[in-house]
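Worksheet for the structure shown next.
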Ligand code: FPP
């Protein structure tokens, strides 16, 4: 049976957010080199982007590297930074041709120069696309994002005191990396961990949360469709009756 069968395309999320977790455990379980799971994870990411685009889901936000991930061993940080360069360089043509618009959520100035240049170039190359908006959270932390937003609002307030009366939930959103895009309505986290790990704390307020035991490198199309079928069943009330 085709795995897409019975998927109600009228009830798909508009914005999917994904915490791709479990790469190192996958390496261990499969007797691979410690970091190989990240490389295998990159393949699943490519498939995720492709399926998301094909389904007509408009926004996809993925957690590639958190502000906390700098605390990992130096070789692992370098491995991930190099993998990002590879992803940005090798995939830019295909992403461009498939109508993917790539944005980076996070402080890119602190990245190694080659990673920074590769992601900026990927962003520039795809910035006129509008089929699928792919946001890569890179050197991203939600609390830091909120702190940066507060500073920006105070800067505005210094020259325009009317800003004070404008501050409400929507106004704050304009200063987050996710400005202009709808909040995620579905969050997927793999590998059995059930926490948000400083990811999109403001934006996920009403998202449906989905946790699966599958490790990220095992999260193929079939697992994704299973997750979307689960979303279909959720009854979203947004705090109303
Ligand atoms: C978590 O697994 C994953 C990461 C910290 C990095 C996510 C990166 C990828 C999926 C690689 C491809 C992405 C790009 C954009 C090139 P973990 O290492 O925490 O696994 P563990 O929980 O088993 O230790």
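The values are calculated or read from the model by the stated rules, or taken from the named source; none is laboratory data. From a predicted model like this one, the values you see are computed outputs, not experimental measurements. Cβ: placed from backbone, ideal geometry, glycine included. Neighbour counts: every protein chain shown.
A compact table of results
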read-out: Those helices (runs of 4 or more DSSP H) lying entirely in region 146-241 with at least 2 residues touching a strand residue (DSSP E or B) at 6+ places or on another chain (Cβ under 8 Å) and at pLDDT 95 or above; value: 221-233
read-out: Residue list for region 30-75, filter: more than 13 Å from the chain's Cα centre (by Cα), within 18 Å of residue 141 (Cβ to Cβ) and not in a loop (DSSP other than H, G, I, E, B); value: 67, 68, 69, 70, 71
read-out: Matching option when the condition is within 15 Å of the ligand (Cβ to nearest atom), under 19 Å from residue 184 (Cα atoms) and touching a residue at least 24 places away in the same chain (Cβ under 8 Å), among 118, 137; value: 137
read-out: Whichever residue in region 2-33 is on the phi > 0 side of the Ramachandran plot and more than 9 Å from the ligand (Cβ to nearest atom) and, among such residues, is modelled with the highest pLDDT; value: 31
read-out: Unique match (being within 13 Å of the ligand (Cβ to nearest atom), surrounded by fewer than 19 Cβ atoms within 10 Å (Cβ to Cβ) and within 24 Å of residue 24 (Cβ to Cβ)) among 63, 79; value: 79
